[in-house]
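Following: one structure in structure tokens, then a few remarks.
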Amino acid sequence: MKLAFSTNAFKKYSLQDSIKEIAKIGYKGVEILCDVPHAYPPDFGDDKAWQLKDVISSHGMQISNLNAFTLYAIVGGGDVYHPSWIEQDEHSRQVRVQHTIDCVQLAKKLGAKNLSTEPGGPIPSNRDSNKLEKVFLETLVPASKAAEEEGIKLLIEPEPGLLIENSSQFKRFIKNVNSDYVKLNFDISHFYCVNEDPAKLVYELVDYIEHFHLADIENRVHNHLIPGRGEIDFHSVFAAMEDIGYEGFVTVELYPYQDSPVQAAQEAYSHLCSIIESIR
């Protein structure tokens, strides 16, 4: 496994400066935020894509993932989840679809293998989750077809409080997806927050895993902490990943640390490297 860091902690830095700082620490991969202020596709043309590829390769790095979860460019910085895949309004759903297709095309330009997206969005109090799951499945089709055409994996990321938040819901959903290009972004902290054992889930979900996210958690409250400051047993999770032969990226996602992203990335790297070395 290889460590990467997400640029969503570096929103106060330019994208190129973010990559330089992440590389200096020692990370071999970088996850690109496909939103403002970094790589929102409508504002990120071919010239910027080629420049980004050059910067990444010049620092001996790879793209671990494109993060297509948020759409602050559309709704503003205070709204994490909208527009989602399950909006009641058809136009809002199509905004999510088009954004995802745009991110698939950007992934192709950049040579990225996968991108992650939200697991349906928040559930309105007056709507049935089973019906919303069908809406999600239908809305996902054009994006999954675009992913298949470009050879890019589209990764669903279960999250606490959203339509798909645990492993059982994900497994039920994925069985109804008619595409080999829709897989799982396994967020260790999210599964821990919903009272699941991430180490055990590595084995249960092995057929779907394409990429990992991580942050630490305390008291199972969804607040991303620097690894080592919470209570997740990363040693057992990494041991399970090693056991299944996972050789991809594990991306550290610490967006709450935007005032001190370099220090957060450094502390996380040191802590996680010591764990990885101990299991090899």
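Computed from the coordinates by the stated procedures, all read-outs in this text should not be read as laboratory data. On a predicted model such as this, the values are computed, not experimentally measured, just so you know. Glycine gets a Cβ as well: all are built from the backbone with ideal geometry, and neighbour counts include every protein chain shown.
With one equal scatterer per alpha carbon and no solvent term, the Debye-computed log10 I(q)/I(0) for region 154-270 at 0.20 1/Å reads -1.12. Residues M1, M241, M61, ranked from the fewest to the most other C-beta atoms within 10 Å, line up as M1, M61, M241. The calculated FRET efficiency for the pair K53 and K12, based on their C-beta separation and a Förster distance of 30 Å, comes to about 0.80. Ranking A73, L163, A39 by Cα position along the charge dipole of the chain, where only Lys, Arg, Asp and Glu carry charges on their C-beta atoms, puts A39 farthest toward the positive end. Neighbour counting of Cβ atoms within 10 Å sorts the residues Y181, Y208, Y203, fewest neighbours leading, into Y203, Y208, Y181. Summing +1 for each Lys or Arg and -1 for each Asp or Glu among the other residues whose beta-carbon sits under 12 angstrom from that of I209 gives -4.
With both partners inside region 83-221, how many of the DSSP beta bridges are antiparallel, as a percent to the nearest 5?
Working: 2 of 13 bridges.
Close to 15 percent.
Note on the chain: Rg/Rh from Cα positions, Kirkwood definition for Rh, rounded to two decimals, is 0.94.
Can you sort R127, R93, R280 by how many other beta carbons sit within 10 Å, fewest first? All intermediate terms of the calculation are to be shown ahead of the outcome.
Working: R127 13, R93 20, R280 7.
Lowest count first: R280, R127, R93.
What is the dipole size for the chain, taken about its Cα centre, with +1 at each Lys and Arg Cβ and -1 at each Asp and Glu Cβ, in debye to the nearest 20? Kindly include the intermediate steps, with their values, before the conclusion.
Working: 26 positive and 41 negative charges, 66 e Å.
In debye, rounded to 20, the chain gives about 320.
With a Förster radius of 30 Å applied to the C-beta separation of N126 and Y81, the computed FRET efficiency comes to 0.95.
For V36, the amide hydrogen comes within under 5 Å of the amide hydrogens of Y72, A73, counting only partners 5 or more places away or on other chains and with H modelled in the peptide plane.
Largest GNM mean-square fluctuation among P256, P119, P227, using the chain with Cα springs under 10 Å: P256.
When the helices in the chain are scored as -39500 (n - 2.57) per DSSP H run of 4 or longer and the sum is shared across all residues, what 222 nm value do you end up with, to the nearest 500 deg cm²/dmol? Calculated from helices alone, the mean residue ellipticity at 222 nm is -13500 deg cm²/dmol.
Placing unit charges on the Cβ atoms of the charged side chains and taking the dipole of the chain about its Cα centre, the candidate lying farthest along the positive direction among S64, Q51, A107 is Q51. For the chain, DSSP calls about 10 percent of its internal beta bridges antiparallel.
Considering only K28, K183, K131, the Gaussian network model of the chain with Cα springs below 10 Å gives its largest mean-square fluctuation to K131.
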